[in-house]
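Just below is one structure, and these are the notes that go with it.
What follows is calculated from the coordinates using simple rules that are stated; it is not laboratory data. Since we're looking at a predicted model, the values are computed, not measured. Using ideal geometry, Cβ is built from the backbone for each residue, glycine included, and neighbour counts are taken over all protein chains shown.
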Amino acid sequence: MRSQSIYKVPQGKLLKISVEYDEKNNIIRDIRITGDFFAYPEEAIELMETKLRNVLMEREQLLEKIRTIISEYNIQFIGVDAEGLTQGILMCKP
Amino acid sequence: MKEQWRLLQTGFNTAYANMAVDRALLVANSEGIVPPTVRFYGWVPPAISIGYFQSLTDEIDVDTCKKLGVNYVRRITGGGAVFHEKELTYSIVIPESHPEIPKNIMKSYGRICGAVMKGLQHLGIESEYVPINDIVTGGRKISGNAQTRKLETVLQHGTVLMDVDVDKMFSLLKVPNEKIKDKLIADVKQRVTSIKHLLGNEVSFKEVAEAMKIGFEEEFHVELIEGTLTKEEKILAVKFEKEFFSTKDWNHRR
């Protein structure tokens, strides 16, 4: 199922996330991360979206995966962080 | 002797051409063939630009834009949707390694916004930088800014509001919750301002540009020398307009 969230990151920007959620297996099938935040380099967001496919929709797993991607690809987010992304994704869970 | 940077006054252009020129400047600067450059420009027809990460159809009422003859374009910079009508837009491109540009992104926002604030001061307007990317006066936003760093080069562009029509702006933008749209519009009217509102009279684009020129010169201790786009920049701009900014692929990609 396709599910969306809108999440205002504390002291940050407005995150709008759309997830194709596989309820049976509790995983992300597909994800689109949009909003008025900043990320350097910008193209890293597409990479992040690809890498989040098939990740378990649980706080711990999401947070760890996002932190790993950020550090591996040296991504700098402004107006959002790993916690904010995790929260926005989890809010897509019905 | 003061360092000399280039000043470009490219006048009023379409959203696609405007974004293409900024990207062309970034590429040309990264190749070391042009000095750091400050550009002032406007938008005709009026246009909405959205941030790189935004969903076009989530943010923009495309049908109303078409009906009112308003262009829309996706920027290469992050940030939010902006309605460009009565404003001066600036851009600056400069190597990341330039001593005047802090390595830290947030600090560099503050520094470049400092130039805009000094420019406003020359118009008699006191303002302050409010992180992440706003300049406010009396608690109200007068300038929004967005920066990208590519090819070891900084591009920051931003608006200086000369006048603002919040009702028109909201007829072109979508809001997350239609039920509270009226309240949102009322709130935004309280939270934005413009040169005209603050000074009580219209100030011409030319006057604002003159003040901003001085602002950039003072902030960066340089002399801005008016120049033109190089042949290569023009070719690049035409290419970027055709291949990216005027295409559905680019504008609707998210």
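Tabulated data
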{"read-out": "Structure-based [θ]222 nm, chain B - -39500 (n - 2.57) summed over DSSP H runs of at least 4, per residue, nearest 500", "value": "-11000 deg cm²/dmol"}
{"read-out": "Whole-number Å³ per residue for the convex hull built on Cα positions in the protein assembly as shown", "value": "133 Å³"}
{"read-out": "Shielding of B:42-54 by partner chains, average beta-carbon count, 10 Å", "value": "3"}
{"read-out": "Per principal axis, descending, Cα span of region B:149-190 in whole Å", "value": "45, 25, 17"}
{"read-out": "Relative contact order [Cα under 8 Å, 6+ residues apart], chain A, whole percent", "value": "33 percent"}
{"read-out": "Charged-residue dipole, Cβ positions (Lys, Arg, Asp, Glu), the protein assembly as shown about Cα centre, Debye nearest 20", "value": "680 debye"}
{"read-out": "Estimated FRET transfer efficiency (B:Gln9, B:Ile235; beta-carbon r; R0 22 Å; 0.05)", "value": "0.60"}
{"read-out": "Protection proxy ranking, peptides B:23-36, A:27-40, average beta carbon neighbours within 10 Å, highest first", "value": "A:27-40, B:23-36"}
{"read-out": "Cross-link table A:Lys65/B:Lys150; A:Lys24/B:Lys179; B:Lys67/B:Lys141, entries beyond 32 Å C-alpha to C-alpha", "value": "A:Lys24/B:Lys179"}
{"read-out": "Average beta carbon contacts from partner chains per residue of A:24-36, 10 Å cutoff", "value": "3"}
{"read-out": "Computed helical MRE - 222 nm, chain A, DSSP H runs ≥ 4 contributing -39500 (n - 2.57), nearest 500", "value": "-10000 deg cm²/dmol"}
{"read-out": "Amide H contacts under 5 Å for B:His84, placed H, 5+ residues apart", "value": "B:Ala47, B:Ile48, B:Ser49"}
{"read-out": "Computed magnitude of the charge dipole of region B:3-249 (debye, nearest 20; Cβ of K, R +1, Cβ of D, E -1)", "value": "560 debye"}
{"read-out": "Backbone N under 14 Å from the A:Met91 label point (7 Å along Cα→Cβ), restricted to region A:32-47", "value": "A:33-37"}
{"read-out": "Computed magnitude of the charge dipole of region B:1-116 (debye, nearest 20; Cβ of K, R +1, Cβ of D, E -1)", "value": "220 debye"}
{"read-out": "Anchor B:Lys168: aspartates and glutamates whose Cα lies under 17 Å away (excluding residues fewer than 8 positions away in-chain)", "value": "B:Glu59, B:Asp61, B:Asp63, B:Glu85, B:Glu87, B:Glu178, B:Asp182, B:Asp187"}
{"read-out": "Viscosity 0.890 mPa s, temperature 25 °C, Stokes-Einstein D of region A:2-90 from Kirkwood C-alpha radius, µm²/s", "value": "191 µm²/s"}
